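**Student:** Here's a structure for you.
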Amino acid sequence: MSLQIIVMVKQVPDTHNVSGDAMKPDGTVNRAVLPAIFNPEDLNALEEAIKIKETIGGKITAITMGPPNAVKILKECLYRGVDDVVLVSDRKFAGADTLATSYALKCAIEKVEKYDLVLCGRQAIDGDTAQVGPQIAEKLNINQLTCVSEIVEVNETDITIKRSIENGHEFLKSNMPVLLTVTNEANEPRTPSAKLAVAYKNISGKTSDESYDDEYLESGIDDPISYIKEWNVESINADPQLCGLSGSPTKVKKVQSVVLTASDVKQIQNTDEGIAELINELTEEHIIG
Amino acid sequence: MSAKNSVMVFIEQNNSKVADVSLELVSEGKKLADKLGVALDAVAIGYNLEKEVEVLGHYGCNTVFYINDERLSHFTSVPYAKTIVEIIKKHEPQIVLFGATTTGRDVAPRVASELKCGLTADCTELQIGEYKLKSKVYKNTLLQIRPAFGGNIVATIVSPESMPSMATVREGVMKMAEPDTSKEVELVSEKCGLDDSDFMTEVIEVMIEEKNVDLKSANIIVSAGMGAATPEGLELVKKLANTLGGEVGASRPVVDSGIIDRDHQVGQTGLTVRPNLYIACGISGQIQHRAGMAEAKRIIAINNDPDAPIFNIAHYGIVGDVNDIINRMIKAYKARA
Ligand SMILES: Cc1cc2nc3c(=O)[nH]c(=O)nc-3n(C[C@H](O)[C@H](O)[C@H](O)COP(=O)(O)OP(=O)(O)OC[C@H]3O[C@@H](n4cnc5c(N)ncnc54)[C@H](O)[C@@H]3O)c2cc1C
Ligand SMILES: Nc1ncnc2c1ncn2[C@@H]1O[C@H](COP(=O)(O)O)[C@@H](O)[C@H]1O
């Protein structure tokens, strides 16, 4: 028996590098100029999975829910040593908030059937909510360990981790199955393997309804997969009412583009005199001592 | 005795002391409760906290539901989540607020998932207002306001049909009210309905580390952005902070690049600060950064781009190279009349 590890990965717009033209003149977001990237902390989660596989053995399945072009990050997973990948994609998932997202992902994980560890990134940079991980854990009815900055010890029945908290850290231990959310303190993710990148270069998706039977779970880890599994609402047995917009209790009432009103900023000349005057003014007003 | 439909705050404690963020949320929750004409309640979980929770009354809390159990003395996810869910089901608040701390962000989503209710993370503002969806009008619903999408937009999120609506808010975002020590809170003990099997996490050790910087109480903060993220720039920022007797802050990309510790991050996902003086060195002024410092009494912006958004909220703007300007400031301070 070896560990079954599931890693949840998400493709996100690169919100950390938003440039001026991200907003269209009409105030809407110009998604086209934002490149889609692998959510950074999901790479940290993936790295921990690969490290566990390398030390005690295991099989890693990466799952993403997203549009068809999210296969891009699944290929990235394969290039780094993941054994199997699943794209959960369906128009009915559109407009999902974190609750509807975690419901769909829970259904996908249950289709994989057997799992010991579920690894997520701490948060996705598109919204920084950090909600989906704990919500998946609740829906699977398993324990959760969040903000994991180090996996201290892992064996086939339990895991000990270091968790970062505001004023220090704590060491926690849990039996499996358990869900972890991993932070960027945990590791420096590896780069893709050239050999695997060549092997999986042309792999593409295929809608499949097959479930993970015992045969799959026992199959050799070194057998390369030949296609990316694609699942939809029906194939994960999800209730469409609980997916997408209809399954989302939160609604966006309005979005406003940020308009800064010109303030009464006092221009200080960048000269010795200009700056000396500012410092004297602030001193007189007891702003600086 | 409290009634249904209250506003409720989850009380966080560190070593049995009520966390600042919880007092801030009680202060804010009180305003929302007054607007709605309902009670402001709290839920406190832990061991031997009777004395500590008395302070909640000073900030306007009416009733605290208190679960006392030795097994709950330290936070772990499943027992806390289950306990909060039980309290919410029993008392049916319409709004529940959590600190956006490692504890709050761990437990709130788990509670929201179990109750199938809406949860909005990292709100920077909370209001009570109206929401119209087709022909339906929801009056007095919680408007949860937060920046989104790289800070180019501010979104107002509602969960009008969700009972309750839940939100997390970072420490420092809401102002703590002036305590009124004559006001008392009613303490209502609640049974702990947990089984030993709910305690799925074993706490092996907790290590408390002293913070190496206390931005929240600093009077002067000199902050480095990407425009000051060179070795020389960062040295000068530190030197200026030292000279003025202030602390060093930073924007998120500077923290992410690893050259300065996370304790220094100012902004939506860092700290919210209100110093007397905030000097933004090479910071563009994206909304997530502004969310953490816009309420400083005086803001000096230093940037070589005259169109940088930071100038729109600054009181003093200096256009030019950050190294140049900091050197001039240090010189002027030392030579001041
Ligand atoms: C969900 C979310 C949460 C976020 N939370 C935070 C947060 O908590 N805190 C935070 O800060 N950010 C946060 N961000 C990031 C934020 O959107 C901005 O990306 C960030 O604040 C920009 O940092 P910066 O101004 O240092 O860098 P930049 O935007 O790169 O700006 C650098 C500035 O320096 C100027 N400059 C360059 N060289 C010089 C020089 N030699 N002299 C003078 N000026 C110079 C440039 O003109 C420019 O204006 C968040 C983003 C997201 C999506
Ligand atoms: N659509 C998705 N597909 C797969 N994993 C996801 C998805 N959304 C969120 N996650 C996982 O949940 C974590 C937290 O996401 P968030 O709650 O959006 O900040 C991410 O780092 C991912 O590991």
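**Student:** Would you check if residue B:325 is of a type in the set (A, V, I, L, M) and either under 16 Å from residue B:229 (Cβ atoms) or more than 8 Å from ligand 1 (Cβ to nearest atom) (or both)?
**Tutor:** yes
**Student:** Where in segment A:26-127 are the helices (runs of 4 or more DSSP H), entirely inside, with at least 3 residues that are under 18 Å from residue A:9 (Cβ atoms) and in contact with a Pro (Cβ under 7 Å, 6 or more places away or on another chain)?
**Tutor:** Ranges flagged: A:40-56.
**Student:** Is it the case that residue A:89 is surrounded by fewer than 23 Cβ atoms within 10 Å (Cβ to Cβ) and small (Gly, Ala, Ser)?
**Tutor:** The answer is yes for residue A:89.
**Student:** Then there is this: List the strands (runs of 3 or more DSSP E) that sit entirely inside segment B:69-166 and contain at least 3 residues that are more than 21 Å from the chain's Cα centre (by Cα) and either within 16 Å of residue A:135 (Cβ to Cβ) or more than 9 Å from every other protein chain (Cβ to nearest Cβ) (or both).
**Tutor:** B:136-148
**Student:** Kindly provide the set of residues from segment B:112-130 that are out of contact with any strand residue (DSSP E or B) (no Cβ under 7 Å at 6 or more places or on another chain) and not basic (Lys, Arg), ordered by number.
**Tutor:** B:113, B:114, B:115
**Student:** Which of the helices (runs of 4 or more DSSP H) found entirely inside segment B:214-329 contain at least 2 residues meeting this: closer than 18 Å to residue A:283 by Cβ?
**Tutor:** The helices (runs of 4 or more DSSP H) meeting that bar are B:231-244.
**Student:** Still on this model: Would you confirm whether any residue within segment A:126-145 is near ligand 2 (Cβ under 6 Å from one of its atoms), crowded, with 24+ Cβ neighbours inside 10 Å and polar (S, T, N, Q)?
**Tutor:** yes
**Student:** Does segment B:239-256 include one or more residues that are polar (S, T, N, Q), within 7 Å of ligand 1 (Cβ to nearest atom) and within 21 Å of residue B:173 (Cα to Cα)?
**Tutor:** Yes, there is a match, as at least one residue in segment B:239-256 is polar (S, T, N, Q), within 7 Å of ligand 1 (Cβ to nearest atom) and within 21 Å of residue B:173 (Cα to Cα).
**Student:** I'd like the residue in segment B:272-288 that is hydrophobic (A, V, I, L, M, F, W, C) and away from every other protein chain (no Cβ under 11 Å) and, out of all such residues, is surrounded by the fewest Cβ atoms within 10 Å (Cβ to Cβ).
**Tutor:** Applying the filter and picking the extreme gives B:273.
**Student:** If I ask for residues that are within 10 Å of chain B (Cβ to nearest Cβ), among the basic types (Lys, Arg) and farther than 16 Å from residue B:121 by Cβ, which ones from segment A:97-149 would you list?
**Tutor:** Across segment A:97-149, the qualifying residues are A:106, A:139.
**Student:** While we're on this one: Which of the following residues is touching a Cys at 6+ places or on another chain (Cβ under 8 Å) and not aliphatic (A, V, I, L, M): B:30, B:17, B:4?
**Tutor:** Of B:30, B:17, B:4, the one residue that is touching a Cys at 6+ places or on another chain (Cβ under 8 Å) and not aliphatic (A, V, I, L, M) is B:30.
**Student:** Could I ask something else about it? Would you check which residues across segment B:225-237 are more than 9 Å from ligand 1 (Cβ to nearest atom) and in contact (Cβ under 8 Å) with a residue 12 or more places away in the chain and list them?
**Tutor:** B:232, B:234, B:236, B:237
**Student:** Now for a different question. Pick from A:85, A:71: which is in contact (Cβ under 8 Å) with a residue 60 or more places away in the chain, in contact with a strand residue (DSSP E or B) (Cβ under 8 Å, 6 or more places away or on another chain), of a type outside the set (Gly, Ala, Ser) and within 12 Å of ligand 2 (Cβ to nearest atom)?
**Tutor:** Exactly one of A:85, A:71 is in contact (Cβ under 8 Å) with a residue 60 or more places away in the chain, in contact with a strand residue (DSSP E or B) (Cβ under 8 Å, 6 or more places away or on another chain), of a type outside the set (Gly, Ala, Ser) and within 12 Å of ligand 2 (Cβ to nearest atom), namely A:85.
The rows are residues; the columns are (1) under 26 Å from the mean Cα position of the chain (by Cα); (2) under 19 Å from residue B:308 (Cβ atoms); (3) away from ligand 2 (no atom under 16 Å from the Cβ).
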{"residue": "B:230", "(1), (2), (3)": "no, yes, yes"}
{"residue": "B:245", "(1), (2), (3)": "yes, no, yes"}
{"residue": "B:254", "(1), (2), (3)": "yes, yes, yes"}
{"residue": "B:267", "(1), (2), (3)": "yes, yes, yes"}
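**Student:** With (1) more than 12 Å from ligand 1 (Cβ to nearest atom); (2) within 11 Å of chain A (Cβ to nearest Cβ); (3) free of Cβ contacts under 8 Å to residues at least 24 places away in the same chain; (4) not aliphatic (A, V, I, L, M) as the list, and residue B:211 as the residue in question, which single condition is left unmet?
**Tutor:** (3)
**Student:** Do we have residue B:205 as more than 12 Å from ligand 1 (Cβ to nearest atom) and at pLDDT below 95 here?
**Tutor:** No.
**Student:** Does residue B:317 qualify as being farther than 25 Å from residue A:127 by Cβ, crowded, with 24+ Cβ neighbours inside 10 Å and modelled with pLDDT of 95 or more?
**Tutor:** Considered against the rule, which asks whether it is farther than 25 Å from residue A:127 by Cβ, crowded, with 24+ Cβ neighbours inside 10 Å and modelled with pLDDT of 95 or more, residue B:317 comes out as no.
**Student:** Out of curiosity, is residue B:222 more than 16 Å from ligand 1 (Cβ to nearest atom) and in contact with a strand residue (DSSP E or B) (Cβ under 7 Å, 6 or more places away or on another chain)?
**Tutor:** So residue B:222 fails the test.
The values are calculated or read from the model by the stated rules, or taken from the named source; none is laboratory data. Just so you know, these numbers come straight off a predicted model, no measurement behind them. All Cβ positions, even for glycine, are placed from backbone atoms using ideal geometry, and neighbour counts span all protein chains on display.
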